[in-house]
Amino acid sequence: MELKEKQVYQILSKQNRFAIAVEKASTENGALIKLAADTGDASQQWEVQFVEGAWFKLVNKNSGKLLDMVSSGVENGTWLHQWEDVNSPDQLWCVEEGTDGCSLLKSKKSGRCVDIVHIFPAEGALLQLWDCVNGENQQWVLNPVGASEAKPKKNPPKKAAPKSPATDAQKASEAAKAAKTQKPEKPTAKKRGRK
């Protein structure tokens, strides 16, 4: 997938369409990166800022902080968090082609891919670095925010056609039909009193 400079993306897991988000929509350095139900919130939106060639920074729209590796880790299992921009290779990423139109997010510093901890794509699952194995838990759908999606148009409710005024003959005919369908009332017996 070809990303565009300054385009904002929502990054969704191929497995369940949960979004990569900053925990509790925090704006603090060190807030962990987790999967969250797709709400479209700014803490789930990431702006691409190219730095060199295919390498770019992912800037969170809510906090203005970058996707980063905890403690500058490069080993399998290193968690991801957000951190202010420090012009470090810890904060540089590229996309590689995955399967079914999805992408892998690869770290420049470690050469490893963004991965779901314990291959468990539930809401709240942490994200980490892991060897790029092209597994389902490393596949991401990058949706441009603000791109128009084809949505079915809702048809407005149909209005009833205006009724033309009924003629005297039509009114008489309708009254006759109504009279035929009504059941006649049974006469009630009156008690006769003796004199």
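Counting the residues of the stretch 62-94 that are under 24 Å from T39 (Cβ atoms) and either without any contact (Cβ under 8 Å) to a residue 12 or more places away in the chain or assigned to a loop (DSSP other than H, G, I, E, B) (or both) gives 4. Checking each residue in the stretch 100-125 for being of a type in the set (A, V, I, L, M) and under 19 Å from the mean Cα position of the chain (by Cα) picks out I116, A122, A125.
Just to verify a result, which residue in the stretch 23-45, among those that are closer than 18 Å to P121 by Cβ and among the aliphatic types (A, V, I, L, M), is surrounded by the fewest Cβ atoms within 10 Å (Cβ to Cβ)? The qualifying residue surrounded by the fewest Cβ atoms within 10 Å (Cβ to Cβ) is A37. Scanning the stretch 36-52 turns up no residue that is in a loop (DSSP other than H, G, I, E, B), in contact with a Ser or Thr (Cβ under 6 Å, 6 or more places away or on another chain), farther than 16 Å from K109 by Cα and at pLDDT 95 or above.
Taking the criterion of being among the aliphatic types (A, V, I, L, M) and in a loop (DSSP other than H, G, I, E, B), would at least one residue in the stretch 95-111 satisfy it? No - not one qualifying residue is present in the stretch 95-111. Scanning the stretch 46-77 for residues that are surrounded by fewer than 22 Cβ atoms within 10 Å (Cβ to Cβ) and within 26 Å of H118 (Cα to Cα) yields K57, V59, V70, S71, S72, G73, V74, E75, N76, G77. For the stretch 1-27, the set of residues classified as without any contact (Cβ under 8 Å) to a residue 24 or more places away in the chain and out of contact with any helix residue (DSSP H, G or I) (no Cβ under 9 Å at 6 or more places or on another chain) consists of E2 only.
The values are calculated or read from the model by the stated rules, or taken from the named source; none is laboratory data. Keep in mind that this is a model prediction, so the values were computed, not measured. In this analysis, Cβ positions are derived from the backbone assuming ideal geometry, glycine residues included, and neighbour counts consider all displayed protein chains.
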